[in-house]
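Trainee: Got a structure here, written out as structure tokens. Questions coming.
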Amino acid sequence: MGKGGQDYGKSEKSGVDSKGAEDCCAMWSKDVRECEEKYQVSRERGLSEDDVQKRRQIYGLNELEKHEGPSIFRLILDQFNDTLVRILLVAAVVSFVLAWYDGEEGGEMEITAFENNAEKALDALKEIQSEHATVIREGRRIPNLPAKELVPGDIVELRVGDKVPADMRVISLISSTLRVEQGSLTGESEAVSKSTKPVAEDVDIQGKKSMVFAGTTVVNGNCICLVTQTGMKTEIGKVHSQIHEASQSDDDTPLKKKLNEFGETLTAIIGAICTLVWLINLKYFLSWDFVDGRPRNFKFSFEKCTYYFEIAVALAVAAIPEGLPAVITTCLALGTRKMAAKNALVRKLPSVETLGCTTVICSDKTGTLTTNQMAVVELVAMGSKSNVLRSFTVRGTTYDPFDGEIENWPTGRLDPNLQMIAKIAAICNDADVGKAGHDISGHYVANGMPTEAALKVLVEKMGLPNELSAGPSAHDGVLSKLSFYHTEILVNSSGNCSVMQGAVETLLTRSSFVQLLDGSIRELDESSRNAILKSLHEMSTSGLRVLGFAYRDDLPEFATYNGDEDHPAHELLLNPGNYSSIESKLIFVGLAGLRDPPRKEVPQAIEDCRTAGIRVMVITGDNKDTAEAICRDIGVFGRHENISSRSLTGKDFMELSSHDKEMHLNQSGGLLFSRAEPRHKQEIVRLLKDLGEVVAMTGDGVNDAPALKLADIGIAMGITGTEVAKEASDMVLADDNFSTIVAAVGEGRSIYNNMKAFISVKVTMGLNQVKLNTELVDYRFMDDILYMISSNIGEVASIFLTAALGIPEGLIPVQLLWVNLVTDGPPATALGFNPPDKDIMKKPPRRSDDSLISPWILFRYLVIGSYVGLATVGVFIIWYTQSSFLGIDLSEDGHSLVKYSQLAKWGQCQTWQNFSASPFTAGDQVFKFDNPCDYFQTGKIKAMTLSLSVLVAIEMFNSLNALSEDGSLFSMPPWANLWLLLAMSVSFGLHFLILYVPFLAQIFGIVPLSLNEWLLVLAVAFPVILIDEVLKFVGRCTSGVKTSSARRSTKQKAE
């Protein structure tokens, strides 16, 4: 199509007025003769081969463009288009260089898989195009012509079941009626009637009744059409372009933005740390003397300069949370499994978290908010007088005849009027309703027109009249079907008759009588006509599609007709001009109101969205009255709310100024956009994103695909959704249910909290590799190193206090490595299984620009981290200085007690007089000291064991704090996440293993602990839970004030 698109409009080559092929000439608004003149063609002969060749040179083939996707090399490079990944890549390179330099092994990294869903969506769009067409050229009918060979001006014949090969103007109806299923393109909930009559030039796509569009399907009737647009100029071609355009502007997810910001901040901090540490140690490799007040005699040691640079870089590399991407991926993967259990199938991992910060859900109506199954909701029959009507409410929202019943339904035998309604609804019907599959527990499905299936279900609920129980066969046989209105000519024992259903207004114009409750026939007078029209108006304004029922039992021309083609009456049926006389002098019997009913669970889901601070906007291609009625039913609007400012058609919205569009979208509460075209949906999503909203868009049709691709998260329907919509989406609903989206939002919020829980443990406890490096550095540089590990709050505080207080070193590298393995292993992974907070859907969504760690959360981490440092150092001091603590006897092992002042100045031990150290026991071992000062070196083994055990225990307890960001353990008890309890058991079990297996204890430089010593460990570690409980309580008290303030601010903004 590329060539055609470039040369479009060069009419001198073909003689055709190419301007007529453009939308500006609006073929739908021209009469048939004018259309033929524009394209210089007649319906009888069609185009000549010369015309076809010339036009193909101008317009190209009737196919969609093939957009070349990015190369495999480009896709691989895109995997590194992430700040954190780039940092990790640099870290890997630096670590490899340092490892090579030190003779150690480097690490490895993993790249996530990728796919190109945009290209798949475009390929799926091509699959819905027709492959063949029946064309008239040079007076000959050519069946099965490849559809790609069509050109504007071709004459095409369409029949029932055909897929429309191009955008075409209907120029002649072969049958009396033509209906096309175009919901996947326009969003309409039922097949649309087409005609040859021109319509207004400025109508929307749904109003172009004289046009059929590529990719739609003929469900009733035959016709002759004139091709007006091909390839990329068709409506489906425009959708193709919009999908491609949307795929070019994919934005990062909120999580990716946060991680990029985190990575950029981390880069700056690491760079500053490297530079600062290297410069602070400048004096050790660069020195000079001052002579006459000026620096002289510079001395530089390249070896020491390289050594300190290596230390700075090694510490900075160790500070990178290389485990963070893996943990995030794990959390997201676990989230996809949980969502799949709730019928939400995630196609892209980041979309799991994106749901958590969704602020607006733009939902399609048909099949998402509604069942996509037509159902009769009101039945009106004639009463005892001609101007008296009886109204019955019909319950049920599916094709299941046992789903609901008819309220106030008469018991016993049906009266003649209701029997006739049931008879007409059953006979004027080509649909079948039955259970899906072979399982008797399967759900009911319909084959045929949804409206006819709904009428068949109505008949079942009414109670099929006895004479129809076996269907029309020996006594009632269908001889012919005719007219736009579903009319059947029947043969029965009392003579032939006709029964019909259709639009009430038209049936009334052709009716002369009404049938009353007792079966008597009365003349259709003005009062009875007004009563019927009043009932029609009430149902229509409620968004119902209304069908009327009528019959005629006096057909003299068909008195002896039995379907024989030689019968004179048969000739009458072949001429549509005779139908009006056959369908006259009818007897009107009643009417029924149908609609695609809302799903039962949707109103509660809408209320849940409102509670969670999420706005719901309904964007549908259906008509305004129907959409408004559904929105009132499901709670988007109040029953009696004035919605004039909240309900607009897509066309009306597009005509607003930019400022008015923003003001309209900024309104609080729900909004409705009806008669929306694909470009309208795209514009709404784009504007919402520009306003800072995180948009989830649902859809099932081809027309939804561009908006699905453009939204922050596109959600396609799994049952009714087209492959185009599914490929353009980030998530697919297996049950097509709106309430599933709301459940998935709660899960997305939970996943984000679980990731923050891991980060909280990571930040609070620290990245222990840094501490491993600190032991490689001489103590004279400790003050400098502390600057670099300030983010590793818990263990940094421990090391800082150890250095600041001057006490012996409490932890060694192999012990810190063990703590890192235990704390970052099972418990961190188990936090991904945290259940959602009970009030998670009662909080407003977080803003997409909220920081990953808020100032209050950071303060909490600082407090908890500081306590970790105090506890690990404090237990070390307690063992040396106290014989008991909180009533726990610590003197059983016989170790010597020292004063704190002695412990703080242990390096001066050699100068102390009369100092001695008693032997003490640890398990089966006895520690003796020939040199009393060894008591602070080899004798610190039990104090180190206590410090290590406190660090492990306190990290286990702190993982319980991470069950909920601000919820108490009373509301979110430990057993809410059994995986975490199991992980804690594994971690404690591993720690016991190295304590009580002698050769492992020797490797880690620790000794077994007694029961009293374990009580001391628990007494020192447990307060971390109490401290965080107090902090959470303060946070809950202040967050309520902040939330109320934020909501007031949002409301004021909307006003």
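The values are calculated or read from the model by the stated rules, or taken from the named source; none is laboratory data. This structure is a prediction, so every number in the text was calculated from the model and none was measured. Cβ placement follows ideal geometry from the backbone for every residue including glycine, while neighbour counts extend to all protein chains displayed. All accessible areas refer to the heavy atoms of the entire protein, side chains included, with ligands and DNA or RNA removed. Shrake-Rupley method; radii C 1.70, N 1.55, O 1.52, S 1.80 Å.
Here is a yes/no grid of residues against (1) within 40 Å of the chain's Cα centre (by Cα); (2) at pLDDT 70 or above; (3) open to solvent by 40 Å² or more (accessible area, probe 1.4 Å):
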residue: 804; (1), (2), (3): no, no, yes
residue: 855; (1), (2), (3): yes, yes, yes
residue: 860; (1), (2), (3): yes, yes, no
residue: 863; (1), (2), (3): yes, yes, yes
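Trainee: Test residue 728 against the stated conditions and say whether it is out of contact with any Lys or Arg (no Cβ under 6 Å at 6 or more places or on another chain) and touching a residue at least 40 places away in the same chain (Cβ under 8 Å).
Mentor: Details: out of contact with any Lys or Arg (no Cβ under 6 Å at 6 or more places or on another chain): no; touching a residue at least 40 places away in the same chain (Cβ under 8 Å): yes.
Answer is no for this residue.
Trainee: Answer yes or no: is there a residue in region 349-365 that is within 22 Å of residue 835 (Cα to Cα) and open to solvent by 50 Å² or more (accessible area, probe 1.4 Å).
Mentor: The answer is yes; a qualifying residue exists.
Trainee: Here's a check for you: in region 277-325, which residue that is modelled with pLDDT of 70 or more and within 26 Å of residue 265 (Cα to Cα) is least open to solvent (accessible area, probe 1.4 Å)?
Mentor: 282
Trainee: Among residues belonging to region 200-225 that are in a strand (DSSP E or B) and over 37 Å from the mean Cα position of the chain (by Cα), point out the one that is surrounded by the fewest Cβ atoms within 10 Å (Cβ to Cβ).
Mentor: Restricting attention to region 200-225, the residues satisfying the condition of being in a strand (DSSP E or B) are 211-212, 217-220, 223-225.
Applying the additional criterion that residues be over 37 Å from the mean Cα position of the chain (by Cα) yields 223-225.
Values: 223: 24, 224: 20, 225: 27.
Ranking the candidates gives 224 first.
Trainee: Now, a different point. Regarding residue 334, is this residue in a helix (DSSP H, G or I), more than 30 Å from residue 734 (Cβ to Cβ), aliphatic (A, V, I, L, M) and modelled with pLDDT of 70 or more? Break it down stepwise before answering.
Mentor: Values: in a helix (DSSP H, G or I): yes; more than 30 Å from residue 734 (Cβ to Cβ): no; aliphatic (A, V, I, L, M): yes; modelled with pLDDT of 70 or more: yes.
So residue 334 does not fit the description; no.
Trainee: Quick one: would you say residue 593 is without any contact (Cβ under 8 Å) to a residue 24 or more places away in the chain and either open to solvent by less than 40 Å² (accessible area, probe 1.4 Å) or within 30 Å of residue 527 (Cβ to Cβ) (or both)? Spell out the reasoning first.
Mentor: Numbers: without any contact (Cβ under 8 Å) to a residue 24 or more places away in the chain: no; either open to solvent by less than 40 Å² (accessible area, probe 1.4 Å) or within 30 Å of residue 527 (Cβ to Cβ) (or both): yes.
For residue 593, the condition - without any contact (Cβ under 8 Å) to a residue 24 or more places away in the chain and either open to solvent by less than 40 Å² (accessible area, probe 1.4 Å) or within 30 Å of residue 527 (Cβ to Cβ) (or both) - is not met.
Trainee: For the list (1) open to solvent by less than 50 Å² (accessible area, probe 1.4 Å); (2) without any contact (Cβ under 8 Å) to a residue 24 or more places away in the chain, I need the number of the one condition that residue 873 fails.
Mentor: (2)
Trainee: Using the structure shown, decide if residue 406 is under 46 Å from the mean Cα position of the chain (by Cα) and crowded, with 20+ Cβ neighbours inside 10 Å. Please lay out each step first, then the result.
Mentor: Values: under 46 Å from the mean Cα position of the chain (by Cα): yes; crowded, with 20+ Cβ neighbours inside 10 Å: no.
Taking the combined requirement at face value, the residue does not satisfy it.
Trainee: While we're here: What number of residues within region 997-1025 satisfy the criterion of being among the aromatic types (Phe, Trp, Tyr), at pLDDT 90 or above and more than 19 Å from residue 827 (Cβ to Cβ)?
Mentor: Initially, region 997-1025 is screened for residues among the aromatic types (Phe, Trp, Tyr), giving 999, 1004, 1014, 1022.
Of the ones still in play, those that are also at pLDDT 90 or above are 1014, 1022.
Next cut, more than 19 Å from residue 827 (Cβ to Cβ) only: 1014.
The qualifying residues number 1.
Trainee: Here is a follow-up. Kindly indicate the residue of region 599-622 that is in contact with a strand residue (DSSP E or B) (Cβ under 7 Å, 6 or more places away or on another chain) and part of a loop (DSSP other than H, G, I, E, B) and also most open to solvent (accessible area, probe 1.4 Å) among those meeting that condition.
Mentor: Filtering region 599-622 for residues in contact with a strand residue (DSSP E or B) (Cβ under 7 Å, 6 or more places away or on another chain) gives 599, 606, 609, 614-620, 622.
From what's left, part of a loop (DSSP other than H, G, I, E, B): 599, 614, 620, 622.
Numbers: 599: 40, 614: 10, 620: 0, 622: 11 Å².
Per the stated criteria, the residue is 599.
For (1) in a helix (DSSP H, G or I); (2) open to solvent by 10 Å² or more (accessible area, probe 1.4 Å); (3) free of Cβ contacts under 8 Å to residues at least 40 places away in the same chain, each residue gets a yes or a no:
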{"site": "687", "(1), (2), (3)": "yes, yes, yes"}
{"site": "692", "(1), (2), (3)": "no, yes, no"}
{"site": "706", "(1), (2), (3)": "yes, no, no"}
{"site": "714", "(1), (2), (3)": "no, no, yes"}
{"site": "736", "(1), (2), (3)": "no, no, no"}
{"site": "739", "(1), (2), (3)": "yes, yes, no"}
{"site": "743", "(1), (2), (3)": "yes, yes, no"}
{"site": "750", "(1), (2), (3)": "yes, no, no"}
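Trainee: In the list 472, 450, 465, which residue meets the criterion of being open to solvent by 30 Å² or more (accessible area, probe 1.4 Å) and either at pLDDT 50 or above or under 26 Å from residue 383 (Cβ atoms) (or both)?
Mentor: Exactly one residue qualifies, and that residue is 450.
Trainee: From the residues in region 667-676 that are surrounded by 20 or more Cβ atoms within 10 Å (Cβ to Cβ) and closer than 20 Å to residue 606 by Cβ, which one is modelled with the lowest pLDDT?
Mentor: So the first thing to find is which residues in region 667-676 are surrounded by 20 or more Cβ atoms within 10 Å (Cβ to Cβ), and the list is 670-676.
Restricting the remaining residues to those that are closer than 20 Å to residue 606 by Cβ gives 670-674, 676.
On the way: 670: 90, 671: 93, 672: 93, 673: 92, 674: 88, 676: 84.
Among those that are surrounded by 20 or more Cβ atoms within 10 Å (Cβ to Cβ) and closer than 20 Å to residue 606 by Cβ, it is 676.
Trainee: Among 923, 939, 887, which is the only one that is more than 30 Å from residue 357 (Cβ to Cβ), open to solvent by 70 Å² or more (accessible area, probe 1.4 Å) and of a type in the set (Gly, Ala, Ser)?
Mentor: Values: 923 fails: open to solvent by 70 Å² or more (accessible area, probe 1.4 Å); 939 fails: open to solvent by 70 Å² or more (accessible area, probe 1.4 Å).
So the residue among 923, 939, 887 that is more than 30 Å from residue 357 (Cβ to Cβ), open to solvent by 70 Å² or more (accessible area, probe 1.4 Å) and of a type in the set (Gly, Ala, Ser) is 887.
Trainee: Being touching a residue at least 40 places away in the same chain (Cβ under 8 Å) and open to solvent by 10 Å² or more (accessible area, probe 1.4 Å) is the filter here; which residues of region 623-666 pass it?
Mentor: Matches in region 623-666: 623, 624, 625, 626, 628, 629, 649, 651, 666.
Trainee: I've got another one for you. Where in region 886-1005 are there helices (runs of 4 or more DSSP H), lying wholly inside it, with at least 1 residues that are of a type outside the set (A, V, I, L, M, F, W, C) and farther than 21 Å from residue 871 by Cβ? Break it down stepwise before answering.
Mentor: On the way: elements: 900-904, 941-961, 978-996, 998-1004.
Output list reads 900-904, 978-996, 998-1004.
Trainee: Here is a further query. In region 366-400, what residues are in a loop (DSSP other than H, G, I, E, B), farther than 29 Å from residue 624 by Cβ and either of a type in the set (A, V, I, L, M, F, W, C) or open to solvent by less than 10 Å² (accessible area, probe 1.4 Å) (or both)?
Mentor: Just the residues of region 366-400 that are in a loop (DSSP other than H, G, I, E, B), to begin with: 366-369, 371-374, 383-388, 395-400.
After this cut, where a residue has to be farther than 29 Å from residue 624 by Cβ as well, the list is 383-388, 400.
Passing the criteria: 383, 388.
Trainee: Residue 171 versus (1) at pLDDT 90 or above; (2) closer than 23 Å to residue 705 by Cβ: which is the lone unmet condition?
Mentor: The one condition residue 171 does not meet is (2).
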